[in-house]
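> Take a look at the following structure, please.
Please treat every number below as a calculation from the coordinates, not as lab data. Small disclaimer: the values here were computed from a predicted structure and weren't measured. Cβ coordinates were reconstructed from backbone atoms using ideal geometry, including for glycine residues, and neighbour counts include every protein chain displayed.
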Amino acid sequence: MRLTTHSAEETEEFGRELAIAHPDLQHDPVVLCLAGDLGAGKTTFARGFLRGLGVTEPVRSPTYTLLELHELEEVTALHIDLYRLHDEEEFESLGLRDWAIPNSVWLIEWPERAGNRLPPADLVLTFSVRVPVHDIEVGAVTGLGEEWLSRLKRAPVEKAPPPP
């Protein structure tokens, strides 16, 4: 699935829609890998996704804290930013294996920095910039990911650009 967003609000709204469409989260954990250059929309998407799950407090990039934990009524969401990792061995010191539990969702920015130490991704989202728009490529890696995308009501087509 590929779509184009024309504003931060559209990127955030797509994140919210994807969260609302989630299938059963009884897996341990459900993993979304968010790849792309700086400024491509990963954190903006994550903000919308977390809002869709029910997070009401401010959602900030965990670039310096590396991890923001959101314990909600039905799900525990981890927003993880690995940008500051210098090598994949640093990943182990984050203690994320303790959160590899049912009813948890991991949103991982810069997943490539963890090497092969991450659990398998269910969805991989790749963000890119084509001024003045952003592209989001969404790929299902597992059966859960495929089910998730099939539940998404958004048509995978590019919206028309806004009027000048």
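> For an R0 of 25 angstrom, estimate the FRET efficiency from the Cβ-Cβ distance between Tyr83 and Glu57 and round to the nearest 0.05.
0.70
> Report the one residue of Gln26, Gly143, Gly15 whose Cα lies farthest in the direction of the positive end of the charge dipole of the stretch 2-151 (charges on C-beta: Lys and Arg +1, Asp and Glu -1; origin at the Cα centre).
Final value for the positive-end residue is Gly15.
> Can you tell me the length gained on complete extension of the stretch Glu73 to Glu147, counting 0.36 nm per residue apart and subtracting the Cα distance?
So the chain would gain 24.3 nm between Glu73 and Glu147.
> Considering only DSSP beta bridges whose two residues both sit in the chain, what percent are antiparallel, to the nearest 5?
50 percent
> Next question. If I build a Gaussian network model for the chain, linking alpha-carbon pairs within less than 10 angstrom, which residue out of Ile80, Ile136, Ile101 has the largest mean-square fluctuation?
Result for the chain, Cα springs under 10 Å: Ile101 fluctuates most.
> Follow-up question, since we're still on this one. Please report the relative contact order for the stretch 2-151, taking Cα pairs under 8 Å with a sequence separation of at least 6, and give it as a percent rounded to a whole number.
34 percent
> Across the stretch 108-114, in residue order, what do the Karplus-derived ³J(HN,Hα) couplings come to in whole Hz, using 6.51 cos²θ - 1.76 cosθ + 1.60 with θ = phi - 60° and x for Gly and Pro?
Once rounded to whole Hz, the list reads 10, 8, 6, x, 4, 6, 9.
> Same structure again: Return the calculated 222 nm mean residue ellipticity for the chain, to the nearest 500 deg cm²/dmol, obtained by summing -39500 (n - 2.57) across DSSP H runs with n ≥ 4 and dividing by the residue count. Let's see the in-between values first.
Working: 3 runs with 34 residues, N = 164.
The helix contribution divided over the chain gives -6500 deg cm²/dmol.
> Only Lys, Arg, Asp and Glu count, each charged at its Cβ (+1, +1, -1, -1), so figure out the dipole size of the chain about its Cα centre, rounded to 20 debye.
Approximately 520 debye in magnitude.
> Rg and Dmax of the chain, using alpha carbons, in Å: what are they?
Cα only, the chain: 15.1, 50 Å (Rg, Dmax).
> If you take the beta carbon distance between Asn116 and Thr4 as r and set R0 to 25 Å, what does 1/(1 + (r/R0)^6) give as a FRET efficiency, to the nearest 0.05? Provide the component values of the computation, followed by the final result.
Values: r = 32 Å, r/R0 = 1.26.
That gives a FRET efficiency of 0.20.
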